[in-house]
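So the structure is just underneath, and the comments pick up after that.
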């Protein structure tokens, strides 16, 4: 289990392969004492400061990008829309390209699944961008109860397999990323 409030990891509490649609209280965090849930129905869960930051997925990608730059980077850093398969270019306080950022939102809590999925094209694009620009790519994933980030390692090996979404045509290759590889942002 990963606490969505402080990021503390508790290996004694297992993350379910797939959470139910009810309030699954996994445990209270051993570090901060906040309740940690694994659920798809977050309306029934008492929200804390992290959930307010995420705002039930109503926060747009542009707003998430603004918050990310404001809270994670030095003053003067900014973002621009990328024309690639990864959403944004992130520039440092001196105007130099620092990294690329992909933003995803999830309608479940961080601990609702043991893995989160995204298209394999994001990893391939991260590899291409690292070769072309010499800068890394990250994926920011906003869950119902927290915001997380992961460095897309251009040399890393990812578990890639077919995944069929109900709203898309047929199965497509996706990365299956264990949630324990995500870092909780403290906002």
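Just so it is clear, none of the values below were taken in a lab; they were calculated from the coordinates. Because the structure is a prediction, the values reported are computed rather than measured. Note: ideal-geometry Cβ built from the backbone for every residue, glycine included; neighbour counts use all protein chains shown.
So what's the angle, to the nearest 10 degrees on a 0 to 90 scale, between helix 61-72 and the longest Cα principal axis of the chain?
Taking the Cα atoms of the chain, the angle to 61-72 is about 90 degrees.
Considering the chain as a Gaussian network with a 10 Å cut-off on Cα pairs, which listed residue, 68, 37, 133, attains the greatest mean-square fluctuation?
Top of the fluctuation ranking is 133.
Once a ≥ b ≥ c are taken as the square roots of the eigenvalues of the Cα gyration tensor of the stretch 48-184, is the result rounded (a/c under 1.5), prolate (a/b larger than b/c) or oblate (a/b not larger than b/c)?
Oblate shape, in that a/c is at least 1.5 and b/c is the bigger or equal ratio.
Please build a GNM for the chain, connecting alpha carbons under 10 Å apart, and tell me which residue among 123, 135, 175 fluctuates the most.
Between 123, 135, 175, it is 135 that shows the largest mean-square fluctuation.
Hey, with R₀ at 22 Å, roughly what FRET efficiency would residue 160 and residue 85 work out to, going by the Cβ-Cβ distance, to 0.05?
So, using R0 = 22 Å, E works out to roughly 0.90.
With the chain treated as a Gaussian network of Cα nodes joined by springs under 10 Å, which of 100, 176, 163 yields the largest mean-square fluctuation?
Answer for the Gaussian network model of the chain: 163.
When only C-alpha pairs under 8 Å and at least 6 residues apart count, what is the relative contact order of the chain, in percent?
Numbers: 398 pairs, mean separation 41.8, N = 187.
With pairs under 8 Å counted, the relative contact order is 22 percent.
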